[in-house]
Amino acid sequence: MAHPASPPAASPAKAPPRDHLDWPFYGDGHRALAAGIDTFIAKGGLGTIDHGDADAACKALVKRLGAAGFLRHCVPQAYGGVSPEIDSRSLCILRETLGHEDGLADFAFAMQGLGTGAISLSGSEELKRQILPKIAKGELISAFALTEPDAGSDVAAMGCAARRDGGHYVLDGEKIFISNGGIADVYTVFARTGEALGTRGISAFVVDADTPGLVIAERIETIAPHPLALIRFENCRLPAGRLLGAPGEGFKIAMRTLDIFRPSVAAAALGFARRALAEALAHAGSRKMFGATLADLPTAQSTLGEMATAIDAAALLVARTAWRRDVQKLPATKEAAMAKLTATENAQWVIDQAVQMFGGRGVQAGNIAERLYREIRALRIYEGATEVQKLIIGRELVKMSRQESS
């Protein structure tokens, strides 16, 4: 049974705090962007978001965000974007703000970038000019198809295969938990082409939704409604020009894409957590208890203090990661993993504390704390589960240690 849809808020939430944008990681352009998205939301730019019809809601959100110019941050400047290269700090500011307002708004924005990030990095000039400007305008919806029923965290176990047949590739196999599955116009798909064993034998392709042989086999319902699907490829023929990069480079392309967008997952978690803290503070200040308010009780103040500290700790890691990539132009695989690990785990804890502070109301369908509790859970799994982030951090540390000692 599907979870009851949360009713739309009567008015946009108060904008999230912006004092962290005064940190030296950010510039005037980032502060202007934050002011712009705040004004857009305050004026009702997102429209009414119906969680009971996630497909329609996401389609509408993509159009609204595209028309307002915010999706331009998902592609490079040469193809309709704002910056010469995708700016991680801008992505983080937008996702944090949208996540603070509504999880579906964050989802709709994020998938435009993640779904075509591999095209921005490794697509042919023809593919880039054909697809990216329309992504920036909200005229196309994109998806990123990596996960399989038997290959989630273990990408090397991928079974979906693509064989060369003259001037074409033929795809066969399945992908599961594909965000925007069923509503996307274009899919970035990773499949085994067999150049080598393990991850070195995977390639990346661009597949249009109307390509014969691409089948939406099943729509998937989750605790927080999002467009998700099981996708099947049955003798799906693609022109060889739909290959991204060289054969066998798919895993590297996927990891480079995730390195760009993983910090923004952490930023979305920050947005959820900041909303939870704001709601908890408002509730604690008005809830009468023991002759005072909940906010007057030392136990509540202690919890609120821990919540705020957990949020700022994560915010620093997010800012450090995005700045390292944007400004220092250095690899940020380890830093991105640290940011996602910390921000998503901390946000889960912060939201849980908010639910506890609301008491019975916190688990009532339609309460903002209840909605956040459902929305945050998936962030600890997608784009690399928490356990995978720990492995990435450890692997990078070992690699650095060996390089220093050699």
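We did not get these values from a lab; they are worked out from the coordinates using the rules stated. All of these numbers come straight from a predicted model, not from anything done at the bench. Backbone-built Cβ (ideal geometry, glycine too); neighbour counts: all protein chains shown.
Some notes on this structure:
- When segment 289-309 is filtered for residues that are surrounded by fewer than 10 Cβ atoms within 10 Å (Cβ to Cβ) and within 37 Å of the chain's Cα centre (by Cα), the ones remaining, listed by number, are 298, 299.
- Test: residue in segment 176-196 that is of a type in the set (Val, Ile, Thr) and assigned to a helix (DSSP H, G or I): no
- Selected residue (criterion: nearest to residue 221 (Cα to Cα)) from residues of segment 39-61 that are outside any loop (DSSP other than H, G, I, E, B) and without any contact (Cβ under 8 Å) to a residue 12 or more places away in the chain: 56
- Failed item in (1) assigned to a helix (DSSP H, G or I); (2) surrounded by fewer than 24 Cβ atoms within 10 Å (Cβ to Cβ); (3) out of contact with any Lys or Arg (no Cβ under 6 Å at 6 or more places or on another chain), with residue 115 passing the rest: (2)
- When each of 248, 173 is tested for being over 24 Å from the mean Cα position of the chain (by Cα), touching a residue at least 40 places away in the same chain (Cβ under 8 Å) and not in a strand (DSSP E or B), the lone residue that passes is 248.
- Selection of segment 120-130 for residues being over 17 Å from residue 110 (Cβ atoms) and either touching a helix residue (DSSP H, G or I) at 6+ places or on another chain (Cβ under 8 Å) or not charged (D, E, K, R) (or both) yields 122, 123, 124, 126, 127, 128, 129, 130.
- When the residues of segment 72-90 are filtered to those that are touching a His at 6+ places or on another chain (Cβ under 6 Å) and part of a helix (DSSP H, G or I), the one that is surrounded by the most Cβ atoms within 10 Å (Cβ to Cβ) is 89.
- The one condition from (1) polar (S, T, N, Q); (2) part of a loop (DSSP other than H, G, I, E, B); (3) within 24 Å of the chain's Cα centre (by Cα) that residue 211 does not meet is (3).
- For the residues 314, 336, the requirement of being free of Cβ contacts under 8 Å to residues at least 60 places away in the same chain and either farther than 27 Å from residue 401 by Cβ or in a helix (DSSP H, G or I) (or both) singles out 314.
- Hits in segment 321-332 - residues which are surrounded by fewer than 19 Cβ atoms within 10 Å (Cβ to Cβ) and out of contact with any Lys or Arg (no Cβ under 9 Å at 6 or more places or on another chain): 328, 329
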